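Have a look at the structure below, then the notes.
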Ligand SMILES: C[S@@+](CC[C@H](N)C(=O)[O-])C[C@H]1O[C@@H](n2cnc3c(N)ncnc32)[C@H](O)[C@@H]1O
């Protein structure tokens, strides 16, 4: 499937909001597809992504594979799943692909569960699932400041992002636990990992609080 990179990038920037909800037409724009054309060649892989994203992609794609280590996350999707969504209980490091290479991989707020060494291994595994020129859309909690700015950067982020009530988002306690217990890394460490894994970074958006990053990456034809 031929993809206009500029279309993918501009659409990807505009349509993915914090909620992760995408209507099918918007998902089509994300993929840079003209919905009137035959899109049956599209294979789409969601790795620890969102339920809504997989549902939005389903009408546009021949095959959608929703991968998550968490059974409850997959059960929630299965309840509403379209017939072409396959749910696979596996992770970045254990998923075994069967069939044609995929055109797109989407992952949101999942890669930070792996330490950096394993992020590199995971990204390489993702690159190997994609057709040359295929697109990885990666969103995660990633720090876009230097180590000398870490204390202030984390404090600014938590002050800006924490909510009072858990039903409204992430509380201060949850964000503190994230920094303490999970493996969010720096953008300037993640980006070389992406490149070494075989991706060209087409766009990077760090948002405004220094703790989120959204990338559109294209699988290079060769890993040189
Ligand atoms: C913070 S939740 C994010 C959920 C959803 N992606 C979102 O953005 O709202 C992290 C997700 O990553 C999944 N996850 C954790 N470790 C993973 C791994 N090694 N491979 C794939 N998914 C993983 C968890 O099961 C969970 O669904």
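Looking across 65, 135, one residue alone is under 19 Å from residue 199 (Cβ atoms) and more than 9 Å from the ligand (Cβ to nearest atom). It is 135. Go through the residues of the range 143-158 one by one and say whether even a single one is within 11 Å of the ligand (Cβ to nearest atom) and either at pLDDT 85 or above or in a helix (DSSP H, G or I) (or both). No, every residue in the range 143-158 fails to be within 11 Å of the ligand (Cβ to nearest atom) and either at pLDDT 85 or above or in a helix (DSSP H, G or I) (or both).
Selection of first residues in the range 89-106 that are closer than 13 Å to residue 125 by Cβ and free of Cβ contacts under 8 Å to residues at least 24 places away in the same chain and of second residues that are near the ligand (Cβ under 9 Å from one of its atoms) and assigned to a strand (DSSP E or B), restricted to Cβ pairs under 7 Å at least 6 apart or on distinct chains, gives the following pairs, ordered by first then second residue: 90/67. Answer yes if at least one residue in the range 119-128 is surrounded by 13 or more Cβ atoms within 10 Å (Cβ to Cβ) and farther than 17 Å from residue 194 by Cβ, and no otherwise. No, the conditions are met nowhere in the range 119-128.
Within the range 34-53, does at least one residue satisfy the condition of being within 11 Å of the ligand (Cβ to nearest atom), closer than 18 Å to residue 123 by Cα and modelled with pLDDT of 80 or more? No: the range 34-53 contains no residue that is within 11 Å of the ligand (Cβ to nearest atom), closer than 18 Å to residue 123 by Cα and modelled with pLDDT of 80 or more. Taking the criterion of being in a helix (DSSP H, G or I) and either touching a strand residue (DSSP E or B) at 6+ places or on another chain (Cβ under 9 Å) or within 13 Å of the ligand (Cβ to nearest atom) (or both), the residues of the range 81-127 that qualify are 111, 112, 113, 118, 119, 121, 122, 123, 125, 126, 127.
A count restricted to the range 64-83 and to residues that are over 16 Å from the mean Cα position of the chain (by Cα), in contact (Cβ under 8 Å) with a residue 24 or more places away in the chain and buried (at least 17 other Cβ atoms within 10 Å of the Cβ) stands at 2.
Exactly one condition in (1) modelled with pLDDT under 85; (2) touching a helix residue (DSSP H, G or I) at 6+ places or on another chain (Cβ under 9 Å) is not met by residue 97; state its number. Status for residue 97: all satisfied but (1). Candidates in the range 165-206 are the residues that are in contact with a strand residue (DSSP E or B) (Cβ under 8 Å, 6 or more places away or on another chain) and without any contact (Cβ under 8 Å) to a residue 12 or more places away in the chain; of these, the one that is nearest to residue 144 (Cα to Cα) is 195.
The values are calculated or read from the model by the stated rules, or taken from the named source; none is laboratory data. Since this is a predicted model, take the numbers as computed values, not measurements. For neighbour counting, all protein chains shown are included, and Cβ atoms are generated from backbone atoms with ideal geometry for every residue, glycine included.
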